[in-house]
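The values are calculated or read from the model by the stated rules, or taken from the named source; none is laboratory data. Note that this is a predicted model, so its numbers are computed, not measured. In this analysis, Cβ positions are derived from the backbone assuming ideal geometry, glycine residues included, and neighbour counts consider all displayed protein chains.
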Amino acid sequence: MPTAVYLHHDFELGSRNDNELCDYRYLTYQERTLFHEFIIDVEDGAELLGRNKSSCTNSQGDELHSRQANFYRSHRLWHYHIGPYSNKNAVKKTIRSTNLQGARSAAVIHYRWFGPLDTSSIVILGFSRDHNPFPALQESEDFKGRLGFIFRSKLKRLFDPDDA
């Protein structure tokens, strides 16, 4: 089942350009290519090769109990390993499924479902070039503003079907 992909306004136009958090306009050509392939696959409902999981769980899928994990849980943060991958034979699943057996990569996309009951749309909040398994995002002023109530009017689709 297809899922609409939106960019958070602060991710689209933000000013962060480091390995912990990189905003859209600073993605390299290779990063942007992987990013666009991800969006197209998610919007087509395709199975994805990368690891995909809630950010409040460990590599085995067990719930974490820490201040950071509570932060991730309360904001419904997930992350997807976008590539490039060394293991191209990993398990594939759609964006709606946890995929602990997916291929891992240094780079990840941080996202959340649009709303608590909405599984038809995701909002991309950030990109990390070097995935720190449990980054202190709650301490990043650049990231905090991306976590509150989101108005659809503040979101952008890169590949909007209405523009076709």
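For Ile122, are the conditions met, namely being farther than 16 Å from His8 by Cα, among the hydrophobic types (A, V, I, L, M, F, W, C) and at pLDDT 75 or above? Criteria not met by Ile122.
In the set Tyr111, Tyr26, only one residue is under 23 Å from Gly148 (Cα atoms), aromatic (Phe, Trp, Tyr) and free of Cβ contacts under 8 Å to residues at least 40 places away in the same chain; that residue is Tyr111. A single member of Arg16, Arg112, Arg67 is within 21 Å of Lys154 (Cα to Cα), charged (D, E, K, R), modelled with pLDDT under 95 and more than 15 Å from the chain's Cα centre (by Cα), and it is Arg16.
Taken together, the residues in the stretch 1-28 that are charged (D, E, K, R) and farther than 16 Å from Tyr111 by Cα amount to 3.
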